[in-house]
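A short reminder: the numbers here are calculations on the coordinates, not readings from a lab. Just so it is clear, the model here is predicted, and its values are computed rather than measured. FYI the Cβ positions are ideal-geometry reconstructions off the backbone, even for glycines, and counts take in every protein chain you see.
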Amino acid sequence: MSQTVRSAKPKKKRKSKGPWLLWLLVILSAVTWWSLYQSQWFVAQEVTIAGNSRLSVEQISAVAAVPIGNSLMSINPGQVSEQLQALPEIKVATVERGWPHSILITVIERTPIAVAATASGYNLIDSDGVNAGLVAAPPKGLLVISAQPDSPAMTNAIQILTAIPTEWALKGLSAPTQDSVVATLGNGVRVTFGSGERATDKVEVAQAFIEKGYEVINVSAPDAPTVKE
């Protein structure tokens, strides 16, 4: 009995898809780069500003200096934010790309609660004791504090100011140093607070002595206050 033996057909080698995939990735990367940086599809055409009340749109735009006509990807939001936060009026500036053609700027401005006299005018002071802008004359309703702006002394003075009730009718507040805050009331009462630590406690103690008719009060150590009639 005879048998025919056929030789096995050689298996075809599969071609590797690696080079093709690599070229595809290169092409896609090039197209993406061109679309984002070189094409006119994603360029800055406008700047949208929100959250401002003290500064005008024109003032913010001038400092932001967003290069209109440049690709959105070439604009650094962090750098624009830093430029804006260098303004004393701005506390926080958030800058984002608004695809496909906008830069979105949202600001949180500092709210002045007091004023400090300087050689060039009056610094507005916010609740953190930080300079919030320069004006030629004190705005009506804001107390002028005798303390150096952007200093520990001013920070302590602001801590005391925010704790004092409006009914005290505060006339003056001075802080030559951070440990020597003194308040003068409209009725002539003088309260020495020392530092801004335990401001609420100090105000409560001082209030009790004011109600008793004392005019010179020292609550720098609220647990051991001293008074003079």
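Odds and ends about this structure:
- For the range 71-129: relative contact order, % (alpha-carbon pairs under 8 angstrom, 6 or more apart): 23
- Taking each residue as 0.36 nm, the span from SER146 to THR94 lengthens on full extension beyond its C-alpha to C-alpha distance by 15.4 nm.
- Structure note, pairs LYS140/LYS212; LYS140/LYS228; LYS171/LYS212: Cα-Cα distances above 27 angstrom occur for LYS140/LYS212; LYS140/LYS228.
- Kirkwood-type hydrodynamic radius, the range 46-109: 11.6 Å, calculated from all non-identical alpha-carbon pairs.
- For the pair VAL63 and ASP128, a Förster radius of 25 Å applied to the C-beta separation gives a FRET efficiency near 0.75, rounded to the nearest 0.05.
- Note on ARG190/ALA136: beta-carbon distance plugged into 1/(1 + (r/R0)^6) with R0 of 35 Å gives a FRET efficiency of 0.70.
- Prolate/oblate/rounded label for the range 114-228 (Cα gyration tensor, a/c 1.5): prolate
- Segment THR166-MET73, length gained on full extension (0.36 nm per residue, minus Cα span): 28.4 nm
- Taking every DSSP bridge with both residues inside the range 46-109, close to 60 percent are antiparallel.
- Using 0.36 nm per residue and subtracting the Cα-Cα separation, the extra length available between HIS101 and SER174 on full extension is 21.2 nm.
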